[in-house]
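Reading through the structure tokens given below for one structure.
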Amino acid sequence: MPPEELIKAYREHKPDAIGLSGLLVKSAQQMIVTALDLREAGVEVPLLVGGAALSDSFTRRKIAPSYESVTCYAKDAMSGLDLLNKLSDPAQYESVVAAHRAADATAEPEEAPVNESTERSTRARLDVAPLGPPYANRVIRDVPQLQEIWGYINPAMLYTHHLGFKGNFEKKLAERWPSTRAVRRRRGDQEGGRKLPEASRGVAVLRGRGGGQLDETLRAGLSHASRSVRFPRQRREDGLCLPDYVMPAKDGVRDSVAIFVVTAGEGVRERAEEYKEKGEYLKMHAVQALALETAEACAEWLHRRIREDWGFPDPSEMTMKQRLKNEYRGRRYSPGYAACPDLDDQQKIFALLHPEDIGVHLTDGSMMEPEASVSAIVFHHPDCVYFDVSK
């Protein structure tokens, strides 16, 4: 949402506060620009910020100094509501504002980064055999039914993060409905028999190329220059960069990555609008949350299948809880997140996969529509970890 639209809405509706949510690194950076524009426009209401890409430290060091009024970090929607309740109470307002301004004033300055290196990190060993592509370019359409995909949903994300449940959801649900089948049925059948669209319309997977390159460029098996993706390296001693996880060719085998897009968003916005028009806001929020986590679950299911096709399936004794904690070989990374923060890399992925064929499109800002979609680059290296190139 451009800052000028927020300013226009502020002048029209006179809100008591403004909230900004940043899922991706790019949107967190945009918050600084938005805060400056709000300040220039004379907006002085409290600014609440949060989202996966944000931290309390970033808020205090980067966003708060750019805004005139108080800026509050909310780690999730529920803490945002709690903050707003306090800010709306005249008896608590001044104390909340004073506490946040005092914390902002003592925020630690950001450390100066070291120069970017071109040396491969030793944190990704080189004695790993390269693996050829799990399969050639293809679209997978034999995706399981929703009941199976929902088995891959992370309950903590759906019920605690999105829907604000307090406590151990799985334990409480098991106490109420001991049957696993009943638990899964109640996850998705609150629509009176109306099902969400199929979990995924399809998924494309492409071959990648390593060849021992150390210039932070991962070439996706194509010579077209615009389809290469340049990844940044951590500016720290022995910093990581995603191509460190691509092995040099050996014995005629060129290493590979898998690239995919999945979606569970068809018709979700329209369904949510139906609930909104009826004033059923909890259902509106719940159906959107379920769609988001269904797309994530489909990505988890597909990643498991890719590991199998690469030749290292998960151990038979692995539980879903272990799988959701990433206790398997390899990782998947999505543009806009900490290891590859340039959201415009989505355009390269879309040029390779053409996910428009399964109903997924990019906005001018390189965001995916429908929102309940996941794109990722999958690496098989056993040393893969999630890391932040800004640190």
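The values are calculated or read from the model by the stated rules, or taken from the named source; none is laboratory data. Since the model is a prediction, treat every value here as computed from it, not as a measurement. Positions of Cβ are backbone-derived with ideal geometry, glycine not excepted, and every protein chain shown enters the neighbour counts. Heavy atoms of the whole protein, side chains included, go into the accessibility calculation; ligands, DNA and RNA do not. Shrake-Rupley method; radii C 1.70, N 1.55, O 1.52, S 1.80 Å.
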Query raised in the report: When the stretch 9-40 is examined, which residues are found to be under 18 Å from residue 389 (Cα atoms) and either of a type in the set (A, V, I, L, M, F, W, C) or assigned to a loop (DSSP other than H, G, I, E, B) (or both)?
Result: 22, 23, 24, 25, 28
Query raised in the report: Taking residue 43, is it under 26 Å from residue 292 (Cα atoms), open to solvent by less than 20 Å² (accessible area, probe 1.4 Å) and either at pLDDT below 90 or not in a helix (DSSP H, G or I) (or both)?
Result: no
Report summary line: Per the list (1) open to solvent by less than 40 Å² (accessible area, probe 1.4 Å); (2) within 18 Å of residue 52 (Cα to Cα); (3) hydroxyl-bearing (Ser, Thr, Tyr), residue check on residue 386 breaks on (1)
Query raised in the report: Out of the stretch 237-258, which residues are open to solvent by less than 10 Å² (accessible area, probe 1.4 Å) and either in a strand (DSSP E or B) or aromatic (Phe, Trp, Tyr) (or both)?
Result: 245, 258
**Report entry** Cross-chain or 6+ apart pairs with Cβ under 7 Å, the stretch 348-361 first and more than 13 Å from residue 265 (Cα to Cα), then at pLDDT below 80 and part of a helix (DSSP H, G or I)
**Finding:** 348/227; 351/227; 352/227
Query raised in the report: If we scan the stretch 283-293, do we find a residue that is closer than 23 Å to residue 349 by Cβ and open to solvent by less than 40 Å² (accessible area, probe 1.4 Å)?
Result: yes
Query raised in the report: Just to be sure, is residue 343 over 18 Å from the mean Cα position of the chain (by Cα) and surrounded by 15 or more Cβ atoms within 10 Å (Cβ to Cβ)?
Result: no
Report task. Go through the stretch 315-335 and give me each residue that's open to solvent by less than 30 Å² (accessible area, probe 1.4 Å) and in contact with a helix residue (DSSP H, G or I) (Cβ under 6 Å, 6 or more places away or on another chain). Result -> 335
Query raised in the report: Within the set of pairs 6+ apart or on separate chains, which have a first residue in the stretch 27-49 that is within 20 Å of residue 84 (Cα to Cα), a second that is open to solvent by 30 Å² or more (accessible area, probe 1.4 Å) and of a type in the set (Gly, Ala, Ser), and C-beta atoms under 8 Å apart?
Result: 47/19; 48/19; 49/19; 49/21
